[in-house]
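Notes for the one structure printed next.
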Amino acid sequence: MISFKEFLLLEGGIGGHMNHPFDIASDGKDLVERFIEAIAYIKKNQSTLKIDGINISVRMVNGEFVVDRGSTKQLDITGTPISQLSDRFGEGHGIIEPAKKTLTIFNKSIPTAKQELSSLGLLKNENLLLNVEYVSGKTNVIKYNGIENFLVIHGIKEINPSQYAKKRTTTNVSYNNKTLNDYISKVNRMAEKYNFVVLGPINIKLVKQPNLIKILNEKLTLNNKTKTLSNWLNDVVINLPLITKKEYVELSNSDKTDLNDKQLNDYIVYYATIKLGQEILDNVESAFGDMQNEEGIVVKRSNGELYKITGNFILTGMNSPFKRK
């Protein structure tokens, strides 16, 4: 376990909404490969904790921080300052107070952190986002032990500024780790006044080799046929979109004896994703401790593509009170 001081200075940088392994796999065998690949990247320290908080990513416009949730709404395109949070989300929306506190902390830190903001590019490029996650107690589904209130800067992204695009896309931006850590240290001086801590990306450590073979050899009975998960996956072809999570839960609670081809195929995909993912999570830890009750981890591939290993949280995350709006 690392010290709290080291925890504050963790390096790396990935975050934001991202794919599950099945979103980037073509069939059952390819799906398994994504989990094997994930283990390899964890060993190389190329994975970070996926925080279960509220995404309140911010960027600088006209010298102040504004919220940008990445939608095509005009107040995201122009950026939402504190004074317009109610206009953006609606009076009484649960995200308003977290966004207000986040913006207050970042804005009041500007005078002492201009050098770092300049070096990171935020003073010149208004399309650069600090990918921020907000956690206060049990903000979403998971309650984190050890730190009650914190903000995590996962990294820096550049967002497509076009107001005519149907979907605003982002790309990950490289940055100097030391500069980001220096910036985080300065923001922390202000955050302390609000009983918050600001963290950088939270690295993951493998403590024991996950036994994927054990999971793949488990027996699964569907449509009155019993095979190992590995054998079921041999016949899987992944065609998106899959059935919904709600449909998967309903099938899980049924006798699973009358599944049509789509239901059968996608049930296996979800089942394997959850079981293989949780086997990985049960054998890694972060600065918060073991990962058995955390949301998951983020894996960065050699081509820069990101995906997440979430295990059981695929289903428990359905209880989140916050959805992107």
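Couple of notes before you dig in:
- Only residues that are open to solvent by 10 Å² or more (accessible area, probe 1.4 Å) and either among the small types (Gly, Ala, Ser) or part of a helix (DSSP H, G or I) (or both) were counted in the range 26-38, giving 8.
- Check on Ile147, surrounded by fewer than 16 Cβ atoms within 10 Å (Cβ to Cβ) and at pLDDT below 90: yes
- Applying the criterion of being part of a loop (DSSP other than H, G, I, E, B) and open to solvent by 10 Å² or more (accessible area, probe 1.4 Å) to the residues of the range 71-85, the residue that is nearest to Ile110 (Cα to Cα) is Pro81.
- Counting the residues of the range 98-114 that are open to solvent by 70 Å² or more (accessible area, probe 1.4 Å) and in contact with a Ser or Thr (Cβ under 9 Å, 6 or more places away or on another chain) gives 1.
- Pairs with Cβ under 7 Å, 6+ apart, first in the range 237-265 and touching a residue at least 40 places away in the same chain (Cβ under 8 Å), second part of a loop (DSSP other than H, G, I, E, B) and open to solvent by less than 80 Å² (accessible area, probe 1.4 Å): Ile238/Ala25; Ile238/Ser26; Leu264/Asn223
- Those residues of the range 157-191 which are within 20 Å of Lys108 (Cα to Cα) and of a type in the set (A, V, I, L, M), in sequence order: Leu180, Ile184, Val187, Met190, Ala191
- Counting only strands (runs of 3 or more DSSP E) that fall entirely inside the range 224-308 and contain at least 3 residues that are open to solvent by 20 Å² or more (accessible area, probe 1.4 Å) and in contact with a strand residue (DSSP E or B) (Cβ under 9 Å, 6 or more places away or on another chain), the qualifying elements are 225-228.
The values are calculated or read from the model by the stated rules, or taken from the named source; none is laboratory data. Everything numeric here is computed off the predicted structure, so don't read it as measured data. Note that each Cβ is placed from the backbone with ideal geometry, even for glycine, and that neighbours are counted across all protein chains shown. Remember, those area values only see protein heavy atoms, side chains included, never the ligands or the DNA or RNA. Shrake-Rupley method; radii C 1.70, N 1.55, O 1.52, S 1.80 Å.
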